[in-house]
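Scroll down for the structure; my scribbles are underneath it.
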Amino acid sequence: MGIALYIIGFGLSELLHLPGMVFVVAGVLCWGHLKGWLLALVMAPLSCSLSFLVVRKIGGQVLADSQWSFIVKLMAKLDEYPVRTVVTLRVCFFLAPAINYVLALSSISFRNFAIGTFFGLAGPLTVAVFFIDRLIEYMGWSKVQNVEIGQALHELGDELGGVAHRGLSF
């Protein structure tokens, strides 16, 4: 159930402008650095792709047909090097939802967007998970400690008259 909620939440986060890093941190806290990293590595590009597809469906490719010289210059590099441009944008702006929106309104194909997003997020996600894991170790927020805290809260609920058994489970 937890992974299902994680997948739904992460999938909708980019669309709703929620910070994707919250889900990366949550994944590492809940499932450890390896499984959390793998979930983030799969879900971050999927979340960006969902956002891209929804915006593309609603807005079309408005920026591709623009007559403004400023936008035409920006789109020229995107048309010339689509995957490289997306990778560069992802490395610089990581999970910023605005990147999905602008690229969805441009002439880039979904295939080039998805490939660039995956490769552009792989490095920053790996670095982020490494530092999140180090922070968890430094702060002492290990899984074992979380289980002990959960058991203590459950016992506290039992001592308070069975609050945990009345639907307010700790």
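The values are calculated or read from the model by the stated rules, or taken from the named source; none is laboratory data. The model shown is predicted, which means the values in this text are computed figures rather than measured ones. Quick reminder, even Gly has a Cβ in these numbers, built from the backbone with ideal geometry, and neighbours come from all protein chains shown. For accessibility, only protein heavy atoms count, side chains too; no ligands or nucleic acids. Shrake-Rupley method; radii C 1.70, N 1.55, O 1.52, S 1.80 Å.
Kindly check whether there is at least one residue in the stretch 62-69 that is at pLDDT 90 or above and of a type in the set (Ser, Thr, Tyr). Full working, then the answer.
Residues of the stretch 62-69 at pLDDT 90 or above: none.
So far as the stretch 62-69 goes, no, none of its residues is at pLDDT 90 or above and of a type in the set (Ser, Thr, Tyr).
Table: residues versus (1) touching a residue at least 24 places away in the same chain (Cβ under 8 Å); (2) open to solvent by 50 Å² or more (accessible area, probe 1.4 Å); (3) small (Gly, Ala, Ser).
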site: Ala44; (1), (2), (3): yes, no, yes
site: Leu50; (1), (2), (3): yes, yes, no
site: Asp65; (1), (2), (3): no, yes, no
site: Pro82; (1), (2), (3): yes, no, no
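Considered as a group, the residues in the stretch 1-32 that are assigned to a loop (DSSP other than H, G, I, E, B), modelled with pLDDT of 85 or more and open to solvent by 70 Å² or more (accessible area, probe 1.4 Å) include one that is nearest to Gly140 (Cα to Cα), and that residue is Pro19. In the stretch 136-170, of all residues being open to solvent by 100 Å² or more (accessible area, probe 1.4 Å) and among the charged types (D, E, K, R), the one that is modelled with the highest pLDDT corresponds to Glu137. For Leu103, indicate whether it is open to solvent by less than 80 Å² (accessible area, probe 1.4 Å), modelled with pLDDT of 90 or more, more than 22 Å from Ala128 (Cα to Cα) and more than 14 Å from the chain's Cα centre (by Cα). Taking the combined requirement at face value, the residue satisfies it.
Here the stretch 107-135 is the region considered, the condition is being over 18 Å from Tyr81 (Cα atoms) and surrounded by 14 or more Cβ atoms within 10 Å (Cβ to Cβ), and the residue that is modelled with the lowest pLDDT is Asp133.
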